[in-house]
Amino acid sequence: MIIGIDPGATGALVMLDNDMPIEWLVMPTYKVGSATRVNAAEVAFFMDQGIEVTHVYVEQVGAMPGQGVTSMFNFGHSCGTIMGVIAALGYAHTMVTPQKWKKAAGLIGTEKDAARARGIQLWPHWSDLHKKGKGQALADAALIARYGA
């Protein structure tokens, strides 16, 4: 069992078994004032279902030009929460850059929604991929896991 994670507050987690998505979760969040925080307890519950997880692949993200200080702090907080859950569960993990997993998926030089289109090609019966925002996050997480597989 491999888990792929798109770690932002609008990201997702996907479990793959033999290259097939079997469980998925749009990133669970809650509000603290105007900030959106990842719900660590829900992430941990999803990841620790008694299924033997062999490895977790997490998108390695960094600051992007033009992002404000507050948004970068919030994004870093989300990533730190995810990494804390992985460490607490004792799962082996690998950070993978967007360039690496996108190259493996044949997505270099394509628009952002190309990951969702690729996901629909690979898993045409996965209806959640057809929802634009949610589908994008799920496709990214699934393709990150597929990179690791």
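The values are calculated or read from the model by the stated rules, or taken from the named source; none is laboratory data. Just so we're clear, the structure is a prediction, and the values are computed from it rather than from any experiment. For neighbour counting, all protein chains shown are included, and Cβ atoms are generated from backbone atoms with ideal geometry for every residue, glycine included.
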Whichever residue in region 25-39 is assigned to a strand (DSSP E or B) and of a type in the set (A, V, I, L, M, F, W, C) and, among such residues, is surrounded by the most Cβ atoms within 10 Å (Cβ to Cβ): V38
Residues of region 108-137 satisfying the condition of being in contact (Cβ under 8 Å) with a residue 60 or more places away in the chain and among the acidic types (D, E): D128
Per-region count, region 102-134, residues β-branched (V, I, T) and either buried (at least 16 other Cβ atoms within 10 Å of the Cβ) or at pLDDT 90 or above (or both): 1
Evaluation of E52 against (1) surrounded by fewer than 20 Cβ atoms within 10 Å (Cβ to Cβ); (2) among the charged types (D, E, K, R); (3) touching a Phe, Trp or Tyr at 6+ places or on another chain (Cβ under 8 Å) (one fails), failing number: (3)
Of all residues making up region 55-89, the number that are more than 21 Å from R146 (Cα to Cα) and either at pLDDT below 85 or surrounded by fewer than 16 Cβ atoms within 10 Å (Cβ to Cβ) (or both): 21
